[in-house]
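The structure under discussion appears below in the form of structure tokens.
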Amino acid sequence: MYIIVISVRLPESEINNMQIDNISCVVMNHLSPDRYRELFGVVPSAVAVVATKTDELGPHGTTVSAFGPLSLQPPLVQVCLDLESNLLTRIGETGCFLLNVLAVGQEGLARRFAQSGHDDFSELEWAERHGMPQLTGCHGWVAANLEQTVEAGDHAIVIGLAFDSDVSPGVPLLYHDRTFHSLAPMERDSLR
């Protein structure tokens with residue numbers, strides 16, 4: 001006998017164990033979007049503004065919390081963007097992006113770039129690094145050349161080969177339970 005797990009979307013009333021010609025199938029429903037948000041809303045994550053710049057449209061960015069290192073050799077970084085994102089199209093055109101890891105105190109930037117239509121860099125302090133916008137005061141940044149884009153559900157995983165970076169002293173901005181936070185180190189005695 002073989003056991004196969006199949007994932008399909010069905011109303012809860014239709015979820016059950018089924019027997020098909022000596023093959024047992026367990027039919028599972030997907031998490032609802034609300035339950036999914038509830039679960040991952042309690043997982044703290046760093047906050048960044050991923051950006052690129054085109055000659056025609058200038059600098060463009062969006063707030064992300066789904067990003068991070070992917071590989072050390074070679075040094076790959078990943079960032080997840082909505083398939084409908086204008087930035088995804090622009091990164092495809094430019095072939096590069098810069099990930100600005102925000103610092104505590106930059107909550108306003110996180111909110112600005114999270115809103116649709118507020119994706120430009122007008123009236124902001126930034127420098128150009130390798131032809132891309134690097135926000136002033138960030139905790140760190142990494143510049144990368146686009147290696148690959150992988151579609152996954154309603155998002156794309158953008159993979160870049162990191163070629164330059166910098167880290168500044170300070171504390172990174174975190175997002176947890178729909179609120180911005182900062183890191184608070186634990187007392188050494190509490191680690192025992």
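Criterion first (touching a residue at least 60 places away in the same chain (Cβ under 8 Å) and surrounded by 12 or more Cβ atoms within 10 Å (Cβ to Cβ)) does Gly137 satisfy it?
Numbers: touching a residue at least 60 places away in the same chain (Cβ under 8 Å): no; surrounded by 12 or more Cβ atoms within 10 Å (Cβ to Cβ): yes.
Against the criterion (touching a residue at least 60 places away in the same chain (Cβ under 8 Å) and surrounded by 12 or more Cβ atoms within 10 Å (Cβ to Cβ)), Gly137 does not qualify.
Among the strands (runs of 3 or more DSSP E) lying completely within the stretch 13-85, list those that include at least 3 residues that are surrounded by fewer than 10 Cβ atoms within 10 Å (Cβ to Cβ) and modelled with pLDDT under 85. Talk me through it step by step, then tell me what you get.
Working: elements: 17-20, 23-28, 48-54, 58-64, 67-71, 76-82.
Fully inside the stretch 13-85 and qualifying: 17-20.
In the same structural domain as Thr62 (by TED's automatic domain parsing), without any contact (Cβ under 8 Å) to a residue 40 or more places away in the chain and among the aliphatic types (A, V, I, L, M): is that true of Leu98 in this structure? Don't jump to the end; show me each part of the working.
Working: in the same structural domain as Thr62 (by TED's automatic domain parsing): yes; without any contact (Cβ under 8 Å) to a residue 40 or more places away in the chain: no; among the aliphatic types (A, V, I, L, M): yes.
When the stated conditions are applied, Leu98 does not pass them.
Would you mind telling me which numbered condition in (1) within 16 Å of the chain's Cα centre (by Cα); (2) surrounded by fewer than 17 Cβ atoms within 10 Å (Cβ to Cβ) Val158 fails?
Tallying (1) within 16 Å of the chain's Cα centre (by Cα); (2) surrounded by fewer than 17 Cβ atoms within 10 Å (Cβ to Cβ), Val158 fails exactly one: (2).
Kindly check whether there is at least one residue in the stretch 149-169 that is in the same structural domain as Ala66 (by TED's automatic domain parsing), out of contact with any strand residue (DSSP E or B) (no Cβ under 8 Å at 6 or more places or on another chain) and closer than 19 Å to Ala46 by Cβ.
For the stretch 149-169, residues in the same structural domain as Ala66 (by TED's automatic domain parsing), out of contact with any strand residue (DSSP E or B) (no Cβ under 8 Å at 6 or more places or on another chain) and closer than 19 Å to Ala46 by Cβ: present.
Which residues, counting only those in the stretch 54-73, are closer than 19 Å to Gly140 by Cβ and not small (Gly, Ala, Ser)?
Within the stretch 54-73, the first condition is being closer than 19 Å to Gly140 by Cβ, and the residues that meet it are 59, 61-72.
Listed by number, the residues that qualify are Pro59, Thr62, Thr63, Val64, Phe67, Pro69, Leu70, Leu72.
Could you tell me which residue of the stretch 104-121 is surrounded by the most Cβ atoms within 10 Å (Cβ to Cβ), considering only residues that are more than 16 Å from the chain's Cα centre (by Cα) and either under 12 Å from Thr149 (Cβ atoms) or of a type in the set (A, V, I, L, M, F, W, C) (or both)?
Among those that are more than 16 Å from the chain's Cα centre (by Cα) and either under 12 Å from Thr149 (Cβ atoms) or of a type in the set (A, V, I, L, M, F, W, C) (or both), it is Phe121.
For the stretch 63-83, which residues satisfy the criterion of being touching a residue at least 40 places away in the same chain (Cβ under 8 Å) and either over 13 Å from Ala144 (Cα atoms) or not assigned by TED's automatic domain parsing to the domain that holds Ala143 (or both)? Let's see the steps before the verdict.
Taking the stretch 63-83 as the starting set, the residues that turn out to be touching a residue at least 40 places away in the same chain (Cβ under 8 Å) are 63, 65-66, 70, 74-83.
Result: Thr63, Ser65, Ala66, Cys80, Leu81, Asp82, Leu83.
Condition check ((1) of a type in the set (A, V, I, L, M); (2) without any contact (Cβ under 8 Å) to a residue 40 or more places away in the chain; (3) closer than 28 Å to Leu39 by Cβ; (4) in a strand (DSSP E or B)) across all residues:
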site: Thr89; (1), (2), (3), (4): no, yes, no, no
site: Asp120; (1), (2), (3), (4): no, no, no, no
site: Ala143; (1), (2), (3), (4): yes, no, no, yes
site: Ile157; (1), (2), (3), (4): yes, no, yes, yes
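The values are calculated or read from the model by the stated rules, or taken from the named source; none is laboratory data. Keep in mind that this is a model prediction, so the values were computed, not measured. No Cβ is skipped: glycine too gets one built from the backbone with ideal geometry, and neighbour counts run over all protein chains shown.
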